[in-house]
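*Asks:* The structure that follows is given in the form of structure tokens.
Please treat every number below as a calculation from the coordinates, not as lab data. On a predicted model such as this, the values are computed, not experimentally measured, just so you know. For neighbour counting, all protein chains shown are included, and Cβ atoms are generated from backbone atoms with ideal geometry for every residue, glycine included.
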Amino acid sequence: MQDWMEKARKTAEKTYGDFLNQVVIEQVIKHDRIGLLPDKKREKLNNGDLADVRTVRLMSISGKGSDQYPQYTNITLLDHLLSVTRGSLLLAAMNWLSKNADMAENLLTQKLAVIAATAFLHDLDKDLEQARSVVDLKPADVTERMKRYGIDAFLEKAGISLTSEQLLYLIEQVENTQSYRHLTTPLPEGIGDELAHYVKWADKLDGIWLNSDPIKGGFNGVINRLERDNSRFDENSLLPHWQPVDIYDPHHPFLLDKLQLFLSLFSQAITGIPPLLEGHHDGRLYLLLPKSHFEQIVDKALNKLGEALPFGLEVDISNVGVPALLNGQPTHAELQALMLDKIKISHEKLGKLLTVQVKYKAHLTQNLDDLLGDLDLNPRFPKPSSNQLITLYDNLEGLSVDEEERLRYAAHLALMLNLKIDKGKTLTYEQRETALLETIQLERPAFINELDDQKSRCVVTALWAMTLADDNEDLKEAIWEEDALLQGWLEGSEEQIGFNQFMEMGDGDEIVQQVKAHFRALLKHQRVSAKNEKALGRCLFTDEPTAFNNPINQATGLLGVKISAFSGRDHRPELLTSDKPHTLVSPVSMAEHKIRHDIQGGNKDSVPTWISSPSTVGLFGGLILNQEMSALSLFDLSRLDAKKGSVLYGHETYQGRLRLAKLERLSEKTKDQVIQLRLLLTAARRTGRPFHVFRGLPTTQRAFFYYDAMPPLLKNSLETMHYVWKNSQMPWHKWNWHKPF
């Protein structure tokens, strides 16, 4: 990576970040919305207690696409303006610094500030909702928008003074048909017509990318345009040299999300710049990566993808409450770290480790209140059910960090007392219980001794041991610390064999290699092949040849995948002579569905409907984004009250990579379907991002909102509303959708 590349990115990031905060977030998103708010709601809004449900005005206007331009993908005007802003900033900074790496920083910052202002106002006619062929922009129009959006203050803060006439002059240079329509006084020193050319260029690239024409649009169109404009660049510049990535793999969207993230990260780490284009939508992953470092970026991204797959050590609890350790032979320190990991050992899994037989509930309620009350760890039983087992902690809401840590230590001890070891000569359940009591050297409470079920008794004993160790550091060290009881059980000693000697490493390494091989083939446009194409089994999801003798089981933990003996699914062996399940999943699909389970949690009802919405849009979409993939559900995207959970305020999609409602189970009842449709439309309106809902595999759609699973009743109702609105000749955001028709 050359120094000027990193300097170009950082300078463009700084200018774009300032513009985003000062103009887009503080003015456009907070104050330029459609409709009025009552005073009480406005007060809550200002205090951060309430999200603003009103639509951001620039999100209600189409930037490209819509009925007028059906050959273009439909995006909001705000997304288009920010795409052109990012693109022009980074293209200009890279071109200037590739020729003069020592360019004065103050001059560079001022030039970029003017470019940002010009780019954001370059479609002022669309902003004013007037046709370009009719409207004659006036300096007064520019003045009003400069003040409304705080652009005048942004420029002043950057040390540049620009009149509305001068900015209008630059805006008009972006469009050939508008150039020199209004002359102006001389521009400030160092600010010339060429600044508008970068905006014009970014606008062209964004439009070409959104064009559906297979030759003039998309990847081909963008690359051809870059090569045609090659004369603009220094011979050392990376700008015209880009390698496309175009993968359609609709079966594995969560893997594609991770691959996009790592390709983008390593593009910046290795070359100093993010991909020119990047996105994942409707099952398709697309990026434009620097060509000179393409192989290096791909190698590092695939290695990182392999490291990120959830095939490390994990705790599994069977339906009868017996725990087991999978995919590893951990040391005591590794297992202890796992037990304290709030992501890998979720609250739900922690509760499953602390379960007893339901028949003991009445016997234990008061006794455990007395035992644990001083530590504020009274049991939290779930609602009555037909289950034979009951968790002592249905939820951990309101617990402090220290209180939850105490429970995790107890769960660690309960795990080791009840751990399933299938083979080998090692400590039995009874021997472990006896050894623990000998270590404690106190008489166990009578109410615990009265529990005749060994596993339930050990769970309650673990909680009792935790309470004793809370004010007895020596006992805590004797049980949980280095060279203590639990370490001896797990790792063994001269006198006994450790539990970890009888644990299997699992198929994690093999799955990681198959995932990397799968995506390496797709990245290089090679045929994807199974490890053994003659294998007798077939993957439940993709029909890929896979080993017949390696079915999944309950411990595999795949989202929405049942393993019952009979299901009627295609490609699933069912033997009338056997009651054993035999469901086969290929290594790549195994990785995909494990990630889904880790992110979305379990789903007992069905495989959810797939919702596709991109986390990045437009040119250099990864610029300044928080790189963590935060997940938001459909309810999170629609919630208004911050006290009730995660709330979307409107700026998050422009500052971070958000996983927007990827999987949602849609109801079968018409009443609930209406509510869910409202939630989907609200989410699209509040995020300003396309939402496409599919009941099967996704297909490429250019519409802003697409719903192939929509019930006929709802579809007909919306068509009627659309017809009435269309004939009203009224902007959609001014139409009274609540009146009868």
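*Asks:* Using R₀ = 25 Å, calculate the FRET efficiency as 1/(1 + (r/R₀)^6) where r is the Cβ-Cβ separation of Glu404 and Leu468; round to 0.05.
*Replies:* Efficiency, from the Cβ-Cβ distance: 0.85.
*Asks:* In the chain, what percentage of the DSSP-assigned beta bridges are antiparallel, given to the nearest 5?
*Replies:* Percentage antiparallel, nearest 5: 80.
*Asks:* Right, here's the next one. Could you give the C-alpha radius of gyration of segment 384-489 expressed as a fraction of 2.2 N^0.38 Å, taking N as the number of residues it contains?
*Replies:* 1.11
*Asks:* Could you pull the Cα extents of segment 3-240 along its three principal axes, largest to smallest, in whole Å?
*Replies:* 60, 42, 37
*Asks:* Another one. Which order results if His363, His347, His597, His412 are arranged by neighbouring Cβ count within 10 Å, fewest first?
*Replies:* Placing the least packed residue first, the sequence is His363, His347, His597, His412.
*Asks:* Here's something else I'd like to know. Return a whole-number percent for the relative contact order of segment 314-502, with Cα pairs under 8 Å and 6 or more residues apart as the contact set. Don't jump to the answer; show the numbers that get you there.
*Replies:* Details: 219 pairs, mean separation 46.9, N = 189.
The value is 25 percent.
*Asks:* Could you grab the relative contact order for the chain? Cα pairs under 8 Å, six or more apart, rounded to a whole percent.
*Replies:* Taking the mean separation of contacting Cα pairs over the length of the chain, I get 14 percent.
*Asks:* Moving on. Kindly express, to the nearest 10 degrees and within the range 0 to 90, the angle between helix 508-523's C-alpha long axis and the longest C-alpha principal axis of the chain.
*Replies:* Once rounded, the angle reads 20 degrees.
*Asks:* Turning to a different aspect of this structure: Distance between the C-alpha centers of segment 22-95 and segment 213-227? Whole Å please.
*Replies:* Value for the Cα centre distance between the two parts: 28 Å.
*Asks:* Still on this structure: Place the peptides 524-534, 482-492 in order of packing, highest mean first, counting for every residue the other Cβ atoms within 10 Å and averaging per peptide. Kindly include the intermediate steps, with their values, before the conclusion.
*Replies:* Numbers: 524-534: 10.8, 482-492: 17.9.
In decreasing order of mean packing, 524-534, 482-492 become 482-492, 524-534.
*Asks:* For Lys157, list the aspartates and glutamates whose Cα falls under 16 Å from its own Cα; do not include residues on the same chain fewer than 8 positions away.
*Replies:* Reachable aspartates and glutamates: Asp18, Glu26, Glu105.
*Asks:* Which of the peptides 99-110, 156-167, 265-276 is most tightly packed, and how do the rest follow, going by the mean number of other Cβ atoms within 10 Å of each residue?
*Replies:* 265-276, 156-167, 99-110
*Asks:* Report the local net charge at Ile270: Lys and Arg +1, Asp and Glu -1, summed over other residues whose C-beta lies under 13 Å from its C-beta.
*Replies:* Details: positive: Arg9, Lys291, Lys300, Lys304; negative: Glu6, Glu295, Asp299.
Spelling it out: positives minus negatives among the neighbours equals +1.
*Asks:* Select from segment 386-471 those trypsin sites (Lys or Arg not before Pro) which occupy a DSSP coil region and have at most 12 other Cβ atoms within 10 Å, ordered by residue number. Each step should come with its number before you reach the end.
*Replies:* Details: sites: Arg406, Arg408, Lys420, Lys423, Lys425, Arg432, Lys455, Arg457; in loops: Lys420, Lys423, Lys425.
When the trypsin sites (Lys or Arg not before Pro) of segment 386-471 are filtered for loop state and at most 12 Cβ neighbours within 10 Å, Lys423, Lys425 remain.
*Asks:* If each Cα of segment 314-502 is one equal point scatterer, what is log10 of I(q)/I(0) from the Debye formula at q = 0.11, 0.12, 0.14, 0.18 Å⁻¹?
*Replies:* -0.45, -0.54, -0.75, -1.32
*Asks:* Normalise the Cα radius of gyration of the chain by 2.2 N^0.38 Å (N = residues in it) and let me know the number.
*Replies:* 1.12
*Asks:* Hey, another quick one. Which lysines, on any chain, are close to Lys361 with Cα under 23 Å apart, when same-chain ones fewer than 8 places away are left out?
*Replies:* Lys349, Lys352, Lys383, Lys455
*Asks:* For helix 712-728, report the angle its Cα long axis makes with the longest principal axis of the Cα atoms of the chain; keep it between 0 and 90° and round to the nearest 10°.
*Replies:* The helix 712-728 is inclined about 20 degrees to the chain.
*Asks:* Which of the lysines could a cross-linker bridge to Lys304, judged by Cα under 21 Å and excluding same-chain residues fewer than eight apart?
*Replies:* Lys258, Lys291, Lys344, Lys516, Lys524, Lys594
*Asks:* What ranking do Arg145, Arg596, Arg678 get, fewest neighbouring Cβ atoms within 10 angstrom at the top?
*Replies:* Result, fewest neighbours first: Arg678, Arg145, Arg596.
*Asks:* Sticking with this one: Can you put Glu494, Glu227 in order of Cβ neighbours within 10 angstrom, beginning with the fewest?
*Replies:* Values: Glu494 4, Glu227 11.
Fewest-to-most ranking of Glu494, Glu227: Glu494, Glu227.
*Asks:* Relative to the longest principal Cα axis of the chain, at what angle does helix 294-308 sit, 0 to 90 degrees, rounded to 10?
*Replies:* Helix 294-308 and the main axis of the chain meet at about 30 degrees.
*Asks:* May I ask you to order 73-85, 287-299 by the average number of other C-beta atoms within 10 Å around their residues, highest value first?
*Replies:* 73-85, 287-299
*Asks:* Here's another thing I want to ask about it. Using a simple spin-label model with points 7 Å from Cα along the Cα→Cβ vector, what separation in nm is obtained for Glu144 and Lys304?
*Replies:* If labels sit at Glu144 and Lys304, their model points lie 4.6 nm apart.
*Asks:* In a solvent-free Debye calculation with one equal scatterer on each Cα, what is log10 I(q)/I(0) for segment 1-116 at q = 0.14 Å⁻¹, listed in the order of the q values?
*Replies:* Those come out to -0.74, one per q.
*Asks:* Ignoring everything except DSSP H segments at least 4 long, calculate the 222 nm mean residue ellipticity for the chain; use -39,500 (n - 2.57) per segment, divide by total residues, nearest 500.
*Replies:* Rounded to the nearest 500, the figure is -13500 deg cm²/dmol.
*Asks:* How much length is gained on full extension from Phe502 to Asn46, taking 0.36 nm per residue of separation minus their Cα-Cα distance?
*Replies:* Full-extension gain reported as 158.2 nm.
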